[in-house]
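For reference, the structure is listed below as C-alpha cells.
The values are calculated or read from the model by the stated rules, or taken from the named source; none is laboratory data. The structure displayed is predicted, hence computed values, not measured ones. Methodologically, a virtual Cβ is constructed for each residue, glycine included, from the backbone with ideal geometry; neighbour enumeration extends over all protein chains shown. Side chains are part of the model used for accessible areas, which takes the heavy atoms of the whole protein and leaves out ligands, DNA and RNA. Shrake-Rupley method; radii C 1.70, N 1.55, O 1.52, S 1.80 Å.
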Amino acid sequence: MVNQESLVAWIEALQEVYAENKEYLTQLDSAIGDADHGINLDRGFTAVRRKLSETKCEDMSAVLKTASMTLISSVGGASGPLYGTFFLRASAVCANKTELAEADIVAMVEAGLEGILHRGKARPNDKTMVDALTPAVNAMKQALAAGSGVKEILEKGVEAAEQGMTDTIPMLAKKGRASYLGERSIGHQDPGATSSYLMLKTAANLWN
Amino acid sequence: MKKLINKTENLVKESLAGVAAAHADLVKVHYDPNFVVRIDAPVRGKVAIISGGGSGHEPMHGGFVGRGMLDAACPGDVFTSPTPDQMEAATKAVDGGAGVLHIVKNYTGDILNFEMAAELCQAAGIEVAAVVIDDDVAVKDSLYTAGRRGVGTTVLAEKICGAAAERGDNLAKVVDVCRKVNANGRTMGMALTSCTVPAAGRPTFEISDTEMEIGIGIHGEPGRERMALKPAKEIVEMMANVILSDLPFKSGDQVIVMVNGMGATPLMELYLVYNELNKICQAKGITIVRQLVGNYITSLDMAGCSITLLKVDEELLTLWDAPVHTPALRWGV
Ligand SMILES: Nc1ncnc2c1ncn2[C@@H]1O[C@H](COP(=O)(O)OP(=O)(O)O)[C@@H](O)[C@H]1O
Ligand SMILES: [Mg+2]
C-alpha cells in the first residue's frame, strides 16, 4: 500500500540515493554537460528532506507539492524546473487521496512526464530524461493493463527506464547543454536519464 | 584542487559578501534569495534590467550592476542557473513601474528558470519581457535543438540596453535594442585548459599540454572540436573566420570588439590576441570603433579566450558611449 508515509519514505530515500550518486551523475554530466547534475540533485533533495522535516504536510498532495516547490527554488539548472514540474503534476494526481492504487501510481508518473515534456519541449530520442521516463510509463501502463500489482508495475517501469537510459548512449543530443557538443555527445549516457532511472528504482525498492 | 575557499558550500555567499563590502557605494546584496541590486533601486519610471546565470563567470553579471547597466543580477550556484524565486524577488525589488527586462542567456536551465519567474511576476502584475541572447557561432543553429549558446554578446547587450533604459526608453524600445544587439553580435571561444568546479573538485575535462578545445562555451563544456595547439595568429584567424563569415561582417562595417579572457589567461596574451584580430579586421576593411580587452565573462580558472564582434550603427555606438558606473565597467562618470 502506498500512502503518505510511503511518499515521504521515497523522498527521504531519494536524498540518500542522490547523495550516494552525486559523483557518478556529476561525472556523466562532465562528459557532455557542465559537471553539476549530481551536485544539483544532491543539493535539491537535501533541501527537500530538510523542508519536509520542518513542515507539517496535511496530505499526500502537500508532500509532493512541498517537494516540487523546494526543488524549483534550490536546484537551478535545467533539472530544477523539470523535476519541480514532475513533482507538481504528480501532486495534482494525489489530490484528495489517502492511498495510491496501482492506476494512481502509473497516472502519477505519467502526469509527471507530461509536465516535463510541457516545460522542456523535448521529444523522445533527444537524449534527455524523457528517454528514460517515456518507456517506463509505457511499460507501467502495460503492466497495469495486464493486472499486475504495485511491485511488478514498478519493476517493469524500472526495467524499461534502465533500457531507456542505456539507449541514450548512442544518441545525438538535441536538447539541453549536451546538444552544443553535436556529434561529440554520441557515446555518453545522459545524466538526466540516469537520475530519472534512479528515481523510479528507489520507488520500486520501497513500495509494494 | 587548489583554490582560495573556506567551505565550498559557502563560496558563492562569501564572494557576494565581498562584492557588497567592496562596492557598497554602487550595489547592495540581498541573501536568500540571492541577488545583487543597484544601490538606488527601484528607479522610478525607468525600465529595469535584470540578468542572471550561474556563478563562476565574474564579473558577469553582478559586476555589471549599477547606473547605466543592470538594475539587478541573480547569481546561481557555480555554473548552475539561478532559481525562479531569485528572479522574482529581484524583479520586484527593481520594478520602477515601467516594466522589467530579463536578459537571458540561451541555456535550457536559464530559460526554464527565467520563464517560471516571469510567470510569477506577471501574476503579481509586473510587466516583464525577456530577450534571449544566442550569439555563439561555435554551435550550429537549428529549429530542432537548443540553439546557440548565449556568451560574450551578453555583456555588450547589458551595457547598451542599460544605457537605453537610462535615457528613458520604454520597455518595448529597450527590448528592440536588445534584439538588435543580439542580431548583430557574434562570439567564438577557445580553451587551453579545463576549469575546476569547486564542488566537483577536479577539472571538468582532461586535456594535454599540446591540445586545445575550439568552440567552447562558458561552463567548461567540451567544445566542438579538439585539435593540436597552434600559434596564436592561426588560432585567432580560425576564430575570426568563423565569426566574420557568420553574420557576415563586411568591408565598411563598424564594430565593437571584445577580447575576453576565460579566467586564467594573462592580459598580455589577450592583447596579443587583440593585435592579431585588429590586423585581420584592418585587412578586411572592418573598423574597430570601440574595444574591451580583459576578463568580462569568465569560466572559473579556465585558460583561453573568446572573441566577440558587434556590428554597430550610430544608435548603438551612442548608447555604448553613454556613462556607466558599475564595479566592473566604468566610464563617463
Ligand atoms: N529540454 C529538456 N527536456 C527534458 N530534459 C532536459 C532538457 N534539457 C536538459 N534536460 C535534462 O537535464 C539534464 C541536465 O541537468 P542539469 O545538469 O542538472 O542541468 P544543466 O544542464 O542546466 O546543467 C540532462 O542530462 C537532460 O536529461
Ligand atoms: Mg549540468
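Search the structure for amide H atoms under 5 Å from the amide H of B:Thr265, placed 1.01 Å from N in the peptide plane, and list their residues when 5 or more places away or on another chain.
Here B:Gly304 satisfy the definition.
Select from the stretch A:177-208 all residues whose loss of accessible area on going from the chain by itself to the full protein assembly reaches 10 Å² or more (probe 1.4 Å).
Residues passing the criterion (a loss of at least 10 Å², heavy atoms only) are A:Arg177, A:Ser179, A:Tyr180, A:Leu181, A:Gly182, A:Arg184.
Would you mind checking which residues have amide H under 5 Å from B:Ala130's amide H? H placed 1.01 Å from N; only 5 or more apart, or other chain.
B:His102
Please compute the average number of Cβ atoms from other chains found within 10 Å of each residue's Cβ in peptide B:70-79.
Per residue, the number of nearby Cβ atoms from other chains is 3 on average.
For chain A, what is the calculated [θ] at 222 nm in deg cm²/dmol (nearest 500), taking -39500 (n - 2.57) for each run of four or more DSSP H residues and dividing by its residue count?
-23000 deg cm²/dmol
If DNA, RNA and ligands are ignored and the probe is 1.4 Å, what is the ranking of B:Tyr31, B:Tyr296 by accessible area, most exposed first?
Order by accessible area, largest first: B:Tyr31, B:Tyr296.
For peptide B:80-92, compute the average count of partner chain beta-carbon atoms within 10 Å of each residue's beta-carbon.
Mean partner shielding for this stretch: 4.
Give me the accessible area buried between chains B and A, both sides summed, with a 1.4 Å probe, in Å² rounded to the nearest 100.
The buried area between B and A, both sides summed, comes to about 2800 Å².
Could you name every residue in the stretch B:109-123 that has 50 Å² or more less accessible surface in the full protein assembly than in its own chain alone (probe 1.4 Å, ligands and nucleic acids excluded)?
Those are B:Leu112, B:Met116, which lose 50 Å² or more relative to the chain on its own.
Treat every Asp and Glu Cβ in the protein assembly as shown as -1 and every Lys and Arg Cβ as +1, leave all other atoms uncharged, and give the resulting dipole magnitude about the Cα centre to the nearest 20 debye.
920 debye
Expressed as a whole number of Å, what is the distance separating the alpha-carbon centroids of the stretch B:286-311 and the stretch A:158-208?
Measuring centre to centre over Cα atoms gives 36 Å.
May I ask for the percentage of alpha-carbon pairs in the stretch A:99-208 that lie more than 20 Å from each other?
Roughly 37 percent, rounded to a whole number.
Compute the distance from the alpha-carbon center of the stretch B:209-275 to that of the stretch A:1-62, in whole Å.
40 Å
Please compute the Cα-Cα pair-distance distribution of the stretch B:217-262 with 5 Å bins starting at 0, giving whole percents from short to long.
5, 13, 20, 29, 20, 9, 4, 0
I'd like the GluC sites (Glu not before Pro) in the stretch B:181-285 restricted to DSSP loop residues with at most 15 other Cβ atoms within 10 Å, sorted by number.
B:Glu206
Starting from the Cα of B:Lys233, draw a straight line to each of the aspartates and glutamates and keep only those under 15 Å, dropping any in the same chain fewer than 8 residues away.
B:Glu269, B:Glu276
Got a sec? Which residues of the stretch A:68-87 lose 20 Å² or more of accessible surface with every protein chain in place, vs. that chain alone, 1.4 Å probe?
A:Ile72, A:Ser73, A:Gly76, A:Gly77, A:Ala78, A:Pro81
Simple spin-label model, 7 Å along Cα-to-Cβ: B:Asn6 to B:His325 in nm?
3.1 nm
Residues of the protein assembly as shown: accessible area per residue at 1.4 Å, in Å²?
Accessible surface, normalised per residue, equals 38 Å².
Would you mind putting A:106-113, B:93-100 in packing order, based on average other-beta-carbon counts within 10 Å, highest first?
Highest mean packing first, the order is A:106-113, B:93-100.
In a Gaussian network model over chain A where Cα atoms closer than 10 Å are linked, find which of A:Glu20, A:Glu54, A:Glu159 has the largest mean-square fluctuation.
A:Glu54
Mean 1/r over all different Cα pairs, inverted: what Kirkwood radius does the stretch A:44-145 give, in Å?
The Cα-based Kirkwood calculation yields 14.1 Å.
What does the charge count near B:Lys28 come to, summing +1 for each Lys or Arg and -1 for each Asp or Glu among other residues with Cβ under 10 Å from its Cβ?
My count for the surroundings of B:Lys28 gives 0.
How long are the semi-axes of the equivalent ellipsoid of the protein assembly as shown, defined as square roots of 5 times the Cα gyration tensor eigenvalues? Whole Å, largest first.
For the protein assembly as shown, the ellipsoid semi-axes come out as 41, 26, 20 Å.
Per-residue mean of other chain beta-carbon atoms within 10 angstrom of the beta-carbon, peptide A:39-46?
Counting other chains' Cβ atoms within 10 Å and averaging over A:39-46 gives 3.
Just to be sure I understand: if I project the alpha-carbon convex hull of the stretch B:210-294 onto a plane and average over all orientations, what area do I get in nm²?
The orientation-averaged projected area of the Cα hull of the stretch B:210-294 comes to 5.7 nm².
Whole angstrom only: what separates the Cα centroid of the stretch B:108-170 from the Cα centroid of the stretch B:312-333?
20 Å
Checking the table A:Lys121/B:Lys311; A:Lys65/B:Lys159; A:Lys121/A:Lys141; A:Lys51/A:Lys201; A:Lys174/A:Lys201 against a 31 Å threshold on Cα-Cα, which pairs fail?
A:Lys121/B:Lys311; A:Lys65/B:Lys159
What order do you get for B:278-287, A:121-130, B:103-112 when each peptide is scored by the mean count of other beta carbon atoms within 10 Å, highest first?
Descending mean neighbour count gives B:103-112, A:121-130, B:278-287.
Would you please state the base-10 log of I(q)/I(0) at q = 0.09, 0.11, 0.19 1/Å for the stretch B:18-130, with intensities from the Debye formula using one equal scatterer on every alpha carbon?
With no solvent term, the Cα-only Debye profile gives -0.19, -0.28, -0.88.
Quote the convex hull volume per residue of chain A, based on C-alpha atoms, as a whole number of Å³.
Taking the convex hull of the Cα positions in chain A, it is 93 Å³ per residue.
Aspartates and glutamates near B:Lys46 by alpha-carbon distance under 20 Å, same-chain residues fewer than 8 away left out - which ones?
In chain and number order, the partners are B:Asp71, B:Glu88, B:Asp95, B:Glu127, B:Glu158, B:Glu166, B:Asp169, B:Asp176, B:Glu315, B:Asp321.
Select from the stretch A:34-110 those trypsin sites (Lys or Arg not before Pro) which occupy a DSSP coil region and have at most 13 other Cβ atoms within 10 Å, ordered by residue number.
Passing sites in the stretch A:34-110 are A:Lys56.
When Lys and Arg each count +1 and Asp and Glu each count -1, what net charge do the other residues less than 9 Å away from B:Glu225, Cβ to Cβ, add up to?
For residues surrounding B:Glu225, the net value is +2.
May I ask for log10 I(q)/I(0) of chain B at q = 0.06, 0.10 Å⁻¹, from a Debye sum over the Cα atoms as equal point scatterers with solvent left out?
Log10 of I(q)/I(0), two decimals: -0.19, -0.54.
Return the distance in nm (one decimal) between the two label points of a simple spin-label model at A:Ala13 and B:Leu267, each offset 7 Å from Cα along Cα→Cβ.
5.8 nm
About the Cα centre, and with charges only on the beta carbon of Lys, Arg (+1) and Asp, Glu (-1), how big is the dipole of the stretch B:11-183? Nearest 20 debye, please.
420 debye
Where the accessible area of the stretch B:11-183 is counted over protein heavy atoms with a 1.4 Å probe, how much of it, in %, is carbon and sulfur?
Accessible surface attributable to carbon and sulfur in the stretch B:11-183 totals 54 percent.
Taking only DSSP H segments of four or more residues, each worth -39500 (n - 2.57), what value at 222 nm results for chain B once the sum is divided by all its residues, to the nearest 500 deg cm²/dmol?
The per-residue figure over chain B is -10500 deg cm²/dmol.
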